[in-house]
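Presented below is the structure to which this report refers.
The values are calculated or read from the model by the stated rules, or taken from the named source; none is laboratory data. Computed from a predicted model, the values in this text were never measured in an experiment. As a convention, Cβ positions derive from the backbone with ideal geometry for all residues, glycine included, and neighbour counts pool all protein chains shown.
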Amino acid sequence: MAMRSGFFDSTEVVETVGGFPRGNKAETADFFAAYFASFVGNGVHINPPDSFKVSPVSGLTVRIAPGRCFINGYFGWDSEPEEHTFEPDVVAHSYWLVLRLDLDGGSIKKVWLTDPAPGELPVREGDIYDLVVARVDVGAGVSAITEMMITDYRDNAELCGRVKSLVDGIGQNVAYADVAGTLAEGAMAQLVQRAGSIMTGPLTLHGDPASPLHAATKQYVDSRAPRLVELCRYTSSGTFRPSEYPSVGNRYLIMLLGAGGGGYQDSNGKWYSPGGSAGGLLFVDFYYPPNSPITSFPVIVGAGASGSDGGSTSFWGFSVPGGNKAWGTNKPGAGVSVAGFTSESGQLNSGGNSLYGAGATNTTSAGYGGGGNYDKPGGNGLCIIYGYVA
């Protein structure tokens with residue numbers, strides 16, 4: 001076949017057909033279709049979105065929405081909805097709706113096919129080219145069609161597809177080749193890829209997450225991170241019940257402080273007497289199993305002493321001793337060592353200081369765990385229980 005081209009103005013009339021002149025450079029409809037097919041791909045138009053969508057109406061009736069389609073350069077358009085009713089049957093059937101281009105008949109029509117054999121659709125040979133729009137599966141004895149019985153194929157690129165853009169007809173590779181260099185050096189280099197991207201600076205999110213798989217902002221995480229707070233403290237003996245003081249993860253931090261030791265009692269050297277040491281100190285990271293049969297824990301708080309060692313403080317099986325007393329003129333009480341930590345020793349005319357209370361002096365009394373002086377007892381022990389709250 002000789003090469004064809006167009007469209008050009010005719011220079012002469014070669015014949016008159018049906019009262020219309022035909023020029024010597026006229027072309028047929030297939031040439032016009034081939035022209036459009038070179039840059040517009042096949043499919044159902046995306047606008048309106050429901051082009052040719054099949055929906056149930058009532059009983060065995062379905063409605064086909066109006067729409068537009070493009071098949072091999074030929075345009076089909078239906079501006080009105082159309083209803084189709086299936087006949088009731090005691091046998092199940094599958095009904096397939098196709099948009100059929102028939103070149104011999106010169107038309108694009110909606111065609112319903114019943115129970116086609118596997119692989120029979122779409123028909124795309126000779127003068128026939130199908131776009132498969134939908135399948136309706138009607139069970140035996142069914143009296144009403146539901147959405148669940150309808151399978152929509154309009155977005156299936158193999159069976160139908162959408163006319164998304166003018167590049168569909170010439171292929172995405174051609175369009176990509178034209179802009180790949182620009183994207184690689186410019187805009188594409190600034191995009192975050194779905195896999196493998198490495199950020200070179202901070203990424204700001206639009207807000208806090210709203211579903212389990214959303215990314216979380218720092219402020220969101222910080223606001224929900226558990227904080228360690230004081231739940232209760234014991235200045236005298238008592239009982240701790242975890243049920244009354246819940247903690248995130250059932251984790252607790254227990255602080256135990258022994259009572260302070262007493263100062264050396266020597267009336268002749270009262271103003272020069274050494275003080276006792278501060279009580280021992282221990283922190284315990286404590287986990288309480290949710291199903292534990294033990295529901296309460298005894299807390300013993302040691303008492304401060306005059307002229308003797310301070311009392312021990314304990315929580316369940318954990319215990320710290322009280323501070324040592326001063327044991328002679330110019331001989332203050334030595335610090336108490338517990339788990340690598342040694343409390344402060346007594347001083348001349350004052351007891352050793354603890355983290356929670358100062359030692360006694362000639363004019364002041366001892367605070368929690370502080371050592372005593374000549375006429376002042378050591379401070380009582382202390383137990384503080386910390387927990388985690390969201």
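Listing for the model above:
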read-out	value
Count of residues meeting criterion [more than 45 Å from the chain's Cα centre (by Cα) and under 25 Å from Pro118 (Cα atoms)] in region 73-102	11
Residue ID - nearest to Leu231 (Cα to Cα), chosen from residues in region 358-390 that are among the hydrophobic types (A, V, I, L, M, F, W, C) and either touching a Cys at 6+ places or on another chain (Cβ under 9 Å) or not in a loop (DSSP other than H, G, I, E, B) (or both)	Ile385
Neighbours by Cβ (under 6 Å, 6+ apart or cross-chain): first from region 140-151, within 19 Å of Val91 (Cβ to Cβ); second of a type in the set (D, E, K, R) and surrounded by 10 or more Cβ atoms within 10 Å (Cβ to Cβ)	Met149/Asp137
Test for Ser345: is it in the same structural domain as Ile300 (by TED's automatic domain parsing) and outside any loop (DSSP other than H, G, I, E, B)	no
Every residue from region 212-237 that is under 30 Å from Gly310 (Cα atoms) and loosely packed, with under 14 Cβ neighbours inside 10 Å	Val229, Glu230, Thr235, Ser236
Conditions (1) among the hydroxyl-bearing types (Ser, Thr, Tyr); (2) over 30 Å from Pro242 (Cβ atoms); (3) crowded, with 23+ Cβ neighbours inside 10 Å; number of the one not met by Ser354	(2)
Extreme residue, surrounded by the most Cβ atoms within 10 Å (Cβ to Cβ), among residues of region 287-310 that are farther than 27 Å from Asn250 by Cβ and touching a strand residue (DSSP E or B) at 6+ places or on another chain (Cβ under 8 Å)	Gly302
Hits in region 73-113 - residues which are closer than 27 Å to Gly126 by Cβ, of a type in the set (Asp, Glu) and either part of a strand (DSSP E or B) or in contact with a Lys or Arg (Cβ under 7 Å, 6 or more places away or on another chain) (or both)	Asp78, Glu82, Asp102
Tabulated pairs, region 218-230, first in contact (Cβ under 8 Å) with a residue 12 or more places away in the chain, second in a strand (DSSP E or B) and among the hydrophobic types (A, V, I, L, M, F, W, C), C-beta under 9 angstrom, 6+ apart or interchain	Pro226/Val389; Arg227/Val389; Leu228/Leu253; Leu228/Val389; Val229/Val389; Glu230/Ile384; Glu230/Ile385
Residue match in region 228-238 (condition: under 40 Å from the mean Cα position of the chain (by Cα) and of a type in the set (Lys, Arg))	yes
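To keep it simple, each residue is scored yes or no on (1) more than 24 Å from Ser365 (Cβ to Cβ); (2) part of a loop (DSSP other than H, G, I, E, B).
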| site | (1), (2) |
| --- | --- |
| Gly261 | no, yes |
| Ser277 | no, yes |
| Pro290 | yes, yes |
| Pro298 | yes, no |
| Ala303 | no, yes |
| Ser319 | yes, no |
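Every residue, every condition in (1) modelled with pLDDT of 80 or more; (2) within 60 Å of the chain's Cα centre (by Cα), yes or no:
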{"residue": "Glu15", "(1), (2)": "yes, no"}
{"residue": "Ala29", "(1), (2)": "yes, yes"}
{"residue": "Phe32", "(1), (2)": "no, yes"}
{"residue": "Ala37", "(1), (2)": "no, yes"}
{"residue": "Gly41", "(1), (2)": "yes, yes"}
{"residue": "Val44", "(1), (2)": "yes, yes"}
{"residue": "Ser51", "(1), (2)": "yes, yes"}
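Per-residue answers, yes or no, for (1) over 39 Å from the mean Cα position of the chain (by Cα); (2) within 30 Å of Gly328 (Cβ to Cβ); (3) not assigned by TED's automatic domain parsing to the domain that holds Lys376:
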residue: Thr204; (1), (2), (3): no, no, yes
residue: Gln219; (1), (2), (3): no, no, yes
residue: Ser223; (1), (2), (3): no, no, yes
residue: Leu253; (1), (2), (3): no, no, no
residue: Leu256; (1), (2), (3): yes, yes, no
residue: Ser277; (1), (2), (3): yes, yes, no
residue: Gly280; (1), (2), (3): yes, yes, no
